[in-house]
Every structure is written in C-alpha cells, then in structure tokens.
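A quick write-up on the structure given underneath.
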Amino acid sequence: MALMQVRFFSDVLGISTSMTVILPETTYGQIGMKGLSSDGLHPTLYLLHGMSDDDTIWLRRTSIERYVSRLGLAVVMPQVDLSFYTDMAEGNRYWTFISEELPAKCRSFFPLSSRKEDNFVAGLSMGGYGAFKLALRRPDMFAAAASLSGALHTSGIFMREDAESQRTHLFRRIFGSEGPAGTDNDLIHLLGNFQTDEQRQLLPRLYQCCGTEDFLYQDNLIFRDACRRAGLELTYEEGPGAHDWEYWDARIQDVLQWLPLRQS
C-alpha cells in the first residue's frame, strides 16, 4: 500500500485542510504483507473519524493499512473537525465539503472510481453518523455504508443535554438553537424518504454495530428499530464492547469483509 498525507485547499471551507489516503499497490517482495492493486480506477472507502479525532486516527489506532492491503481498496480519511459532517449553523460547511467537494478533489488527485458500486463509506461515533447521513442523503453516491458505535440519534442527544453544558453549546453551534430534530441532519427523520420499494432500492446497503457497554447503545437500538419500522434492510450486530479502539479495530475488519467489493 502507498500512504499519503495530503494537504490541500478547500474552496468550500475557505481554508487549507488535510486528508490521509491509502492507495492500493501490488507488491511481491515486501516482507510480512502482500499488496493487491487492479488495473484502472480503484474502489474507495471513505473512512470517517469521531468527535475528538482527526484524519490520522484510523491509521494510528488500527491496522487499517494492513487490513485493506489484499483488497485493492483505496481508503480516504478526511479531516472535518467537530462538525458532525454538517453545514454548521455557526461554522463551516462540512456537509457540502464531504458530500461534494471532497470526492471531486480525490478523483482529481488519484485514480479513484466514480461508480456508485465502487464507493463505500464508514465511520465511528460522530463518523458513524456522518456515514449514514451520506447514505441517506446521497444514496446515489455509495453502494454501502457502515456505522460503528454511531451517534445516530442526534435529536435525542441534543434534548438530553443540560441547557448550560459545554456539549449543548457545541450542538447549538452545529445544528442551531432548535436542534436537528425533523431536519435533514436527523437520521431518523431521513428514513421517511424511503417509503416506496423504488426508493428503497436506491438505498445503499447499511451495516450497524455497537457494543452493549457503549454509552450510545440505547441510541443505536432506537435507530435500528426505526429502520425496521420503515421496512429498510439493515445488517445489525451487537456484542460485548465499549466506546473504544479495541472494539473498533475488531469491527472495522468485519466491515471490510461485509463490503460488496467487486472481484477484479
């Protein structure tokens, strides 16, 4: 695999930002690891970080580079700060950045496929929310989306916070004073966009997992049950685990096995 730390200017954000990118590379003499790359444009996984992290965290806390080495899969890990992948009420337009500008930038820099069936998105915690928001708002872009311990019930989190808490002030800067409920930043609200069989057929495959000791476990159950009531197909898994990297390092391997990668 080839690893790249990319600094570039975003017109949407109006600032220089960064992303960490893993590109497939066919290798024969590398000791301890073999790499696979196919001719043409690479399938791509957009891998999203959580609230307290940045674009380097998946590489630092897991063996993601090694896990994808045999898959011929590019991995793009962007930087979005504390934005919840949202065009913030008081801040920057990170939804527009992640859903429009970033894929276009990546395909201008690297040989990445633009075909829906070759594009996937996954993330943990805040990034799990971002992955499912991309799947539900831009189902034309992705073949599959995965949430690991995702913050999937943002309206519930917003309502539970103390009015004067630091997190409430943060959420107001992101979602506005009324919160995300009933808007396009509310995942459960977005499920209502898929009421017919024709609409459901457009939806990417969805994978959701959460540890039973995770503080977001009950919120994950709420989202799972909402999907079931909406008649949406969802691969759901749970088991022992907390909101930590031991759990996510194991589960990202499950996600990679679950992805509908086309055989080269």
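The values are calculated or read from the model by the stated rules, or taken from the named source; none is laboratory data. Quick caveat: nothing in here was measured; it's all calculated off a predicted structure. Here the Cβ is made from the backbone with ideal geometry for all residues, glycine too, and neighbour counts use every protein chain on show.
Taking the range 93-139 on its own, how many of its residues are without any contact (Cβ under 8 Å) to a residue 24 or more places away in the chain and in contact with a helix residue (DSSP H, G or I) (Cβ under 6 Å, 6 or more places away or on another chain)?
Number of matching residues: 0.
Is it the case that some residue within the range 211-219 is closer than 30 Å to SER113 by Cα, modelled with pLDDT of 95 or more and either surrounded by 13 or more Cβ atoms within 10 Å (Cβ to Cβ) or not β-branched (Val, Ile, Thr) (or both)?
Checking the range 211-219: not a single residue is closer than 30 Å to SER113 by Cα, modelled with pLDDT of 95 or more and either surrounded by 13 or more Cβ atoms within 10 Å (Cβ to Cβ) or not β-branched (Val, Ile, Thr) (or both).
Look at the range 95-114 and say how many of its residues are buried (at least 21 other Cβ atoms within 10 Å of the Cβ) and either of a type in the set (Gly, Ala, Ser) or in contact with an Asp or Glu (Cβ under 7 Å, 6 or more places away or on another chain) (or both).
So the count comes out to 1.
Anything in the range 177-191 that is at pLDDT below 95 and surrounded by 13 or more Cβ atoms within 10 Å (Cβ to Cβ)? List them, or say none.
GLY179, PRO180, ALA181 - these are the residues of the range 177-191 that are at pLDDT below 95 and surrounded by 13 or more Cβ atoms within 10 Å (Cβ to Cβ).
What single numbered condition from (1) more than 25 Å from ARG66 (Cα to Cα); (2) in contact with an Asp or Glu (Cβ under 8 Å, 6 or more places away or on another chain) fails to hold for PRO260?
(1)
I'm told VAL255 meets every condition in (1) of a type in the set (A, V, I, L, M, F, W, C); (2) part of a helix (DSSP H, G or I); (3) more than 30 Å from GLY40 (Cα to Cα); (4) touching a residue at least 40 places away in the same chain (Cβ under 8 Å) except one. Can you identify the failing condition by its number?
(3)
Residue by residue through the range 1-31, note down the ones that are in a strand (DSSP E or B) and either aliphatic (A, V, I, L, M) or at pLDDT below 95 (or both).
ALA2, LEU3, MET4, VAL6, ILE15, MET19, VAL21, ILE22, LEU23, THR27 - these are the residues of the range 1-31 that are in a strand (DSSP E or B) and either aliphatic (A, V, I, L, M) or at pLDDT below 95 (or both).
Scan the range 137-153 for residues that are more than 12 Å from the chain's Cα centre (by Cα) and not in a loop (DSSP other than H, G, I, E, B) and jot them down.
Within the range 137-153, ARG137 is the sole residue that qualifies.
Mind checking which residues of the range 170-208 are farther than 17 Å from ALA143 by Cα, among the polar types (S, T, N, Q) and part of a helix (DSSP H, G or I)?
ASN193
Determine whether ASP81 is acidic (Asp, Glu) and either closer than 19 Å to GLY176 by Cα or in contact with a helix residue (DSSP H, G or I) (Cβ under 9 Å, 6 or more places away or on another chain) (or both).
Considered against the rule, which asks whether it is acidic (Asp, Glu) and either closer than 19 Å to GLY176 by Cα or in contact with a helix residue (DSSP H, G or I) (Cβ under 9 Å, 6 or more places away or on another chain) (or both), ASP81 comes out as yes.
Which members of the range 36-76 meet the condition of being closer than 19 Å to MET126 by Cα, under 15 Å from the mean Cα position of the chain (by Cα) and of a type in the set (Val, Ile, Thr)?
THR56, ILE57, ILE64, VAL75, VAL76
So which residues in the range 223-244 are part of a helix (DSSP H, G or I) and surrounded by 15 or more Cβ atoms within 10 Å (Cβ to Cβ)?
Scanning the range 223-244 gives PHE223, ARG224, ALA226, CYS227.
Which residues, taken from the range 60-92, are more than 23 Å from PRO43 (Cβ to Cβ), in a loop (DSSP other than H, G, I, E, B) and without any contact (Cβ under 8 Å) to a residue 40 or more places away in the chain?
Listed by number, the list holds a single entry, ASP81.
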